[in-house]
Amino acid sequence: MAEILNGKVVAAEVRSEVAAGVAELKERGVSVRLDVILVGDDPASATYVRMKQKDCAEVGIESKDHSLPASIAQNDLAVLVEELNEDPAVSGFFIQLPLPEGLDPLPLISAIDPSKDVDGLSPLSAGRLAIGLPGLLPCTPHGIVQLLKRSDIELAGKEAVVIGRSNLVGKPLAQLLLRDNATVTVCHSRTKNLPEVTRRAEILVVAAGRREMVGAKYIREGAIVVDVGIHPRDGGGLVGDVRLDEAEAVASWITPVPGGVGPMTRAMLLYNTLKAAWAGKYEEETQPIR
C-alpha cells in the first residue's frame, strides 16, 4: 500500500517559513503585498481569490483585489497591469484566469514585470526558467518539486515521466526536474504506447486533465505518483487524473486528491510573493526561505 505524500503538511511548513520571512521584513520596515486582478464573476475564480485572501492573512501578507466587470476593455486592463508594475507598494501580482470571452490573456501576462510575476507564467519568466536563470517559478510545478524534496525523495538520477505538456504544469515541471538532475520524458496525446512509456517512471506526474485516466497498468511497481488533476466525483467529492484505488496497490508514494498538489500550489504563491518582496529590497542578502 502506497504512503501518502501529504501536501497539507508540507504546505504548512512552507507557510511557516513564509510567515517568518514576512515578519523579518516587517521588522525592517518593509511591507509585503500581493495584488490580484479578478475580471468577471466566474465562481471558481472568486473562490480561489477568497482562499488566497485567507492564506495571505495567515502569514501576514497584505492582500488587495482589483475586481473588474467582464465588460472591461483590453486596453484598460493593460493600463492596470502597468500601474501595478510601477507601484512600489505591490510586491507581486497576478491575473486570475480564465478571463471572460473577448479578453486576450497573453499580452497582459507578457506585460507583467518578471520581478512581480508571482504566477511565473510570463514569457520572460518562462525563458529564465528554460535557460537556468533565477526567477519566480510557476507555483504548481515548483510546489510539486518542493513536495518531493521535503518528503526526502531524491530526484537526481531518477527516471521521471510527466503526462501533459501544458505551459502551466507539464513543460515547466519537466524543466525543474531536469534542473534537479532527473531524466525526464514528457508524454502527451500523440504519445504512442503510453502505458509502456509511463511504466519506466520512478516518478510519474499525471497532469493530463482527464478524470481517472491512469490506472495500475500505467504505473511501475514502487513508483512515486503525483496526481495534478482535480475533477468532481459523481455523488460529491473530488477525484484526480489517477484511479487512486488501483495506484495505491502499486505505487510506493502517492499524492491524494484533494490534499496533495493543491495546497502546495497555494503555498508557493505566498513563497513567490515573499521572494519578490525580499529581492526588491535586499537582493544581495540570503532570503529566509529555501
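The values are calculated or read from the model by the stated rules, or taken from the named source; none is laboratory data. Please read these numbers as outputs of a predicted model, since none were measured by experiment. Don't worry about glycine lacking a Cβ; one is built from the backbone with ideal geometry, like all the others, and counts go over all protein chains shown.
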- Restricting attention to segment 2-34, and to residues there that are more than 15 Å from residue 259 (Cα to Cα) and polar (S, T, N, Q), which single residue is nearest to the chain's Cα centre (by Cα)? 16
- Task: Take the residues in segment 98-132 that are touching a Ser or Thr at 6+ places or on another chain (Cβ under 6 Å) and not in a helix (DSSP H, G or I), then tell me which one is surrounded by the fewest Cβ atoms within 10 Å (Cβ to Cβ).
- Result: 122
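Taking the condition within 20 Å of residue 168 (Cβ to Cβ) and touching a Gly at 6+ places or on another chain (Cβ under 6 Å), does residue 110 pass? Give the steps one after another, and end with the answer.
Numbers: within 20 Å of residue 168 (Cβ to Cβ): yes; touching a Gly at 6+ places or on another chain (Cβ under 6 Å): no.
So residue 110 does not fit the description; no.
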- Could you give me the residue pairs with C-beta distances under 8 Å whose first residue belongs to segment 121-141 and is without any contact (Cβ under 8 Å) to a residue 24 or more places away in the chain and under 22 Å from residue 15 (Cα atoms), whose second residue is small (Gly, Ala, Ser) and in a loop (DSSP other than H, G, I, E, B) wherever it lies, and which are 6+ apart or on separate chains? 135/120
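Among the residues of segment 127-140, are any among the hydrophobic types (A, V, I, L, M, F, W, C), touching a strand residue (DSSP E or B) at 6+ places or on another chain (Cβ under 8 Å) and farther than 13 Å from residue 94 by Cβ?
Filtering segment 127-140 down to residues among the hydrophobic types (A, V, I, L, M, F, W, C) leaves 129-131, 133, 136-137, 139.
From what is left, the residues that are touching a strand residue (DSSP E or B) at 6+ places or on another chain (Cβ under 8 Å) are 136.
Filter once more, keeping what is farther than 13 Å from residue 94 by Cβ: none.
No, because not a single residue in segment 127-140 is among the hydrophobic types (A, V, I, L, M, F, W, C), touching a strand residue (DSSP E or B) at 6+ places or on another chain (Cβ under 8 Å) and farther than 13 Å from residue 94 by Cβ.
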- Within segment 88-95, is there a residue that is at negative phi, surrounded by 15 or more Cβ atoms within 10 Å (Cβ to Cβ), free of Cβ contacts under 8 Å to residues at least 24 places away in the same chain and among the hydroxyl-bearing types (Ser, Thr, Tyr)? no
- Message: Tally up the residues in segment 55-71 that are farther than 16 Å from residue 272 by Cβ and either touching a Gly at 6+ places or on another chain (Cβ under 9 Å) or small (Gly, Ala, Ser) (or both), please.
- Response: 6
- Flagged in segment 27-54 as touching a Gly at 6+ places or on another chain (Cβ under 9 Å) and modelled with pLDDT of 95 or more, in numbering order, are 32, 33, 34, 35
